[in-house]
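Notes follow the structure.
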Amino acid sequence: MTLIHPFQSVVLNAAEDLLFAIVKNEVVVFRRSEGSEGYTLAGKWVDELAKDPPRATSEEASDSKKSKGNDGTPNASKGKGQPSVEIVPTNLLRAMTLSPDESKLLVCADSDKSVCVLQIDSDKKELNLIKRQAFPKRPNAIAALEDGSQIVVADKFGDAYQIPMVEETKGKAGKELQPLIGHVSMLTDVLFGKDDQGKKYLITSDRDEHIRVTHYPQTFIIDKWLFGHREFVSSIHIPSWSSQLLFSAGGDDTIFLWDWIKGSKLSTFEYKDLIKPYLTDAHLAASRFQNENNDLIEYAVAQITTCRKFPYAAFFVEATKALIILHVDQTNAALSLKQVIDLRYNVISLSQVSDGFLITQDNHESGNKEFVSLVRYIESKDTFELDKQFGETLDEAINKSLSEDSTVNVQPADIAQLYGVANLKKHGEQYS
């Protein structure tokens, strides 16, 4: 029996009438019907290059060493002299973001290690590919300059490149492109920041617990480093309501809040005890890294973001069914627990809306329900609540428009790898 593939990522535009989602190798757009809460399909784009799976590369082999399956069990590791585990190359779309003017959608594609720039055509109900730029290594994260003229792409080998948003870029497969900046280890996130004088900066995070603030466009000048993480950093975020603040999270048991302009750590929030009830066998370390009791657990924050209007941040630990919401005291920058939202399925991705958060879930056992959940802040009640009507109406639109779509309908065994952030954790042998 086939099912509609879980949504890997979702983003809502500022007007909150267009919802963009990645479903396996396809991007879909749903438009909210005027004067109602219903949604209709407004466009789609399929990555045609993903139809023929590529052979596994050395970088994919590295990624697979301690990957866990979607059933939550760590993949067994082979010892010396034993056959290696079969490597299944990925062909997913990932790292989606809107251009600043929201006229274009930027998506990273595994199939040819490229960034795709898409434009929506509401009349024809399709997304048009207007640019596709391949890179030497797989892109991990993307950010667009405020004026929409340039894109910065961070890859898994530690380099960041800059390309024009629309104009063609010289160089086949990006081989002639020169890195804008370079880290020693894999880049995990990238964004632009601006100080009180209007000076621009490029902020990057990596697998070696570093956050780097670099002048832009003079990227040969490093302004500062934000030190404090002891494990990798998977996600960084600047809130719209306070542009000097920066949230960061990853393999530590702690959420960090920084004044990135001054380079100072303002506050932290430890979530270790809070997340314990939500951890399962899915968080057991792979066998090659286990302790004598076989009870070593490894977990990490996959994403952190904020409300657009209110001083609240939210994050989730990979392969858990909880969204943790923090309050930010804007007088002293203190972080405190606001609320934990329990969900039916594991959270896959998280994005912001004006008064809350959008979540995609690993709903492969749901019978094609609960693809996307919306958590809104109810100011009159001073609490966050799930918007059930939103979820139900979107589910209806998804089933109506995608039930016959062969690209996104899969067998349960063919669901793409949804969990991989905790794999960024380094172990002793990797330092030798």
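Here are some notes:
- Counting only aspartates and glutamates at least 8 places from K388 when in the same chain, those with an alpha carbon closer than 18 Å to its own are E16, D17, E37, D342, D355, D362, E370, E379, E396.
- Taking every alpha-carbon pair under 8 Å whose residues sit at least 6 apart, the stretch 192-249 reaches a relative contact order of 28 percent.
- For the residues K321, K369, K124, a GNM of the chain with alpha-carbon springs under 10 Å puts the largest fluctuation on K124.
- Whole-number D in µm² s⁻¹ for the stretch 186-330, Kirkwood Cα-pair radius fed into Stokes-Einstein, 10 °C, 1.306 mPa s: 98
- For the stretch 173-214, the alpha carbon convex hull comes to 91 Å³ per residue, rounded to a whole number.
- Radius of gyration and Dmax over the Cα atoms of the stretch 297-350, both given in Å: 11.9, 37
- Computed magnitude of the charge dipole of the chain (debye, nearest 20; Cβ of K, R +1, Cβ of D, E -1): 940
- Here the stretch 1-37 is scanned for amide nitrogen atoms under 16 Å from the site 7 Å beyond the Cα of K51 along Cα-to-Cβ, giving 25-27.
- Largest-first principal axis extents of the Cα set of the stretch 383-432 (Å): 53, 40, 13
- When the Cα positions of T169, L274, Q197 are compared along the charge dipole of the chain, T169 comes out farthest toward the positive end, with charges on each C-beta of Lys, Arg, Asp and Glu.
- Dipole magnitude of the stretch 134-265 about its Cα centre (Cβ charges: Lys, Arg +1; Asp, Glu -1), debye to nearest 20: 240
- The Cα atoms of the stretch 336-432 cover 55, 45, 20 Å along the three principal axes, with the biggest extent listed first.
- The stretch 171-264: C-alpha gyration tensor shape, a/c 1.5 cut-off, then a/b vs b/c: oblate
- Considering helices alone, the calculated mean residue ellipticity of the chain at 222 nm is -1500 deg cm²/dmol, with DSSP H runs of length four and up weighted by -39500 (n - 2.57) and normalised per residue.
- Per-bin percent of Cα-Cα distances, the stretch 117-274 [5 Å]: 2, 9, 17, 20, 18, 14, 10, 6, 4, 1, 0
- Remark: relative contact order (the chain) = 15 percent; criterion is Cα-Cα distance under 8 angstrom and separation of 6 or more residues.
- Farthest positive-ward along the chain dipole, Cα basis, beta-carbon charges - from Q389, L337, L118: L118
- Label-point gap, in nm, between F220 and E392 - each point 7 angstrom along Cα→Cβ: 6.2
- The residue among N423, H364, A413 whose Cα reaches farthest toward the positive pole of the charge dipole of the stretch 282-427, with charges on the beta-carbon of Lys, Arg, Asp and Glu, is N423.
- With 0.36 nm allotted per residue and the present C-alpha distance subtracted, the D281-D382 stretch has 32.9 nm of extension available.
- Anisotropy class of the stretch 116-208 from Cα gyration tensor, a/c 1.5 cut: oblate
- Gyration tensor verdict on the stretch 242-399 (Cα atoms; rounded if a/c is under 1.5, prolate if a/b is larger than b/c, oblate otherwise): oblate
- Three principal axis lengths of the chain [C-alpha, angstrom, descending]: 58, 57, 52
- 18 Å Cα-Cα threshold exceeded, pairs from K137/K199; K131/K400; K321/K426; K321/K400; K309/K338; K369/K400: K137/K199; K131/K400; K321/K426; K321/K400
Throughout, read-outs are computed from the coordinates displayed, never taken from laboratory work. Just so we're clear, the structure is a prediction, and the values are computed from it rather than from any experiment. Every residue, glycine among them, receives a Cβ derived from its backbone with ideal geometry; neighbour counts consider all protein chains shown.
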